[in-house]
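What follows is one structure encoded as structure tokens, with my remarks underneath.
No value in this document is a laboratory result; all are computed from the given coordinates. Note that the structure is a prediction, hence the values are computed from the model and not measured. Note: ideal-geometry Cβ built from the backbone for every residue, glycine included; neighbour counts use all protein chains shown.
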Amino acid sequence: MNGKSGKWRLDPFAIRNDIHHEKTKALLKNLAPPLRTCEAVLSEACFLIQKADPKGPQEILKLGQKGFYELDFEIKEHLHPIQNIFKKYEDQNISFADACLIRMAEIHQEPRILTFDSDFKIYRWDRTQRFTILF
């Protein structure tokens, strides 16, 4: 995996008073950037962080400019598999970002994911493979 994680929650890292900030900071010291993510995750993170800190989205983008993460997914190339993921989890109300991350795990054959989202305990990649949640 080259020290990269499929998903990581940007908001606790950027917001110093977030309850997950210190835990996130400590964990990220052991991961080598750039971390893999996708535009859907960035969009969701910017939306969520903006509620706590209006400047939060700018901080998330600055992390990308510093090489902390890379956008490693072309959604248009994976629309059919993402649609199948939505069908599989239609009773879970899966987010588009989560569906993209499941697909990214399949592409990269990577079970490790950096998230506080407990739904990833339920989600499976390649139909039956469990995620290894790093938090």
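One table, with the values for the structure above:
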| quantity | calculated |
| --- | --- |
| Pairwise label distance in nanometres, D119 with K51, each label 7 Å out on the Cα-Cβ vector | 1.4 nm |
| Between the range 21-38 and the range 50-129, the Cα center-to-center distance that results, in Å | 15 Å |
| Rounded to whole Å, sorted largest first: equivalent-ellipsoid semi-axes of the range 38-104, Cα gyration tensor | 25, 15, 7 |
| Approximate spin-label separation K88-E59, in nm, with each point projected 7 Å along Cα-to-Cβ | 3.4 nm |
